[in-house]
1. Mind listing the long-range amide H neighbours of residue 71? Cut-off is under 5 Å, sequence gap 5 or more, other chains count too, H placed in the peptide plane at 1.01 Å from N.
2. What distance in nm lies between label points placed 7 Å from Cα along the C-beta direction at residue 113 and residue 54?
3. Sorted by average packing, counted as other Cβ atoms within 10 angstrom per residue and highest first, what order do 75-82, 112-119 take?
4. Once amide H atoms are placed 1.01 Å from N in the peptide plane, what residues at a sequence separation of 5 or more from residue 134, or on another chain, have their amide H within under 5 Å of its amide H?
5. In which sequence would 37, 284 go, from the one with the fewest C-beta neighbours within 10 Å to the one with the most?
6. Working out 0.36 nm times the residue gap between residue 156 and residue 249, then minus their Cα-Cα distance, what length gain in nm do you get to one decimal?
7. Calculate the spin-label point distance for residue 292 paired with residue 278, positioning each point 7 Å from the Cα along the beta-carbon direction, and give it in nanometres.
8. Leaving out same-chain residues fewer than 8 places away, which lysines sit with a Cα under 22 Å from that of residue 121?
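Every read-out reported here was derived from the displayed coordinates using simple, explicitly stated rules and does not represent laboratory data. The structure displayed is predicted, hence computed values, not measured ones. Neighbour counts are summed over all protein chains in view; Cβ atoms, including those assigned to glycine, are modelled from backbone coordinates with ideal geometry.
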Amino acid sequence: MSMAGLTERTQTVELLQPETHPRPPQTMLVADLRHGYSPRSRLDPEHVERLAELEGNWPPIVVHGDTMALIDGAHRLAAAKRLGMRKIGVIVFEGTTEQASIEAIQSNVEHGLPLSLADRKRAAAALLALRPDSSDRSIGRVCGLAARTIAKIRAEHDSETHGQCDSERRECRVGRDGRVRPTSSSALQRAVTTALADDPAASLRTIARRTGASPETVRRVRRLISEPQECAAAAPTARRTWRDDAALSSTDERAEFAAWFDRHTIQLEECAVHLDHVPVSRVYEVIDEVRRRIAVWETFARDLGRRTTAERSQ
């Protein structure tokens, strides 16, 4: 592996760890190196044999500068020992032990003998333990897994620990761009309120950048702070829970409708949270889907109205 390759990978961790500056490749005594964290459950003997046939003509391994623990190159190190090599080419990784573990995950995912799905899931669980406030997409990119898979692993971990995680961390995630975004509308409003209190003269866009909100959300929260009585008068009533409606719980079919209707309730502030989350390349596709859903609801409303009119005429 080249020094440039290591630097490039380090920069793609998306603030899971800061940029590091590795030293130039050098040689070290094999006896001075020790095994560190690895996402691999075991070495592949056949792969070690194939590397041994190259007689040392492979890229340098990567070790942690502070501990001399192996970060990347377990199969190469095993091949070197098999050949009885006294020295081996090494790139030294400068960073904390935590950063070294993150680099071990990413480097093993991106090149060399592919990690099994089980190994990648174990790596994701380890990374979630190290950086629980990173987003599912950020963790997934490092581990080579889909964001939905990371979400499932996160949920399983939270279940095992009985939800004993910091509430503030649960409400925020660090995205791939390094921005911290609240995961709920209430958390977003609290974040914007705090930012406005800290810097009341800041512009809408400045607060939006700091909190991960849209400028329109910042405008709404600022108005709520400055004109609480007017906003309270104009605000919609609290979200209604249709399952609590007596008429809609009188039969199983009506209760089923109420539960379905509650699941599909969306508030405007919830939409505001996600305004900046849609990639530009998918904006018009999402708009088309939103309009399709609007048309479905409008058709449903029209059919309900027709049913009422027909029943009255009977």
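1. Close amide H contacts, sequence-distant or interchain: 62, 63, 64.
2. Label at residue 113, label at residue 54, 1.3 nm between them.
3. My ranking of the peptides, most packed first, is 75-82, 112-119.
4. For residue 134, whose amide H was placed from the backbone, the distant partners under 5 Å are 174.
5. In increasing order of surrounding Cβ atoms, one gets 284, 37.
6. This chain segment gains 30.2 nm when fully extended.
7. 1.3
8. Here the lysines satisfying the reach criterion relative to residue 121 are 152.
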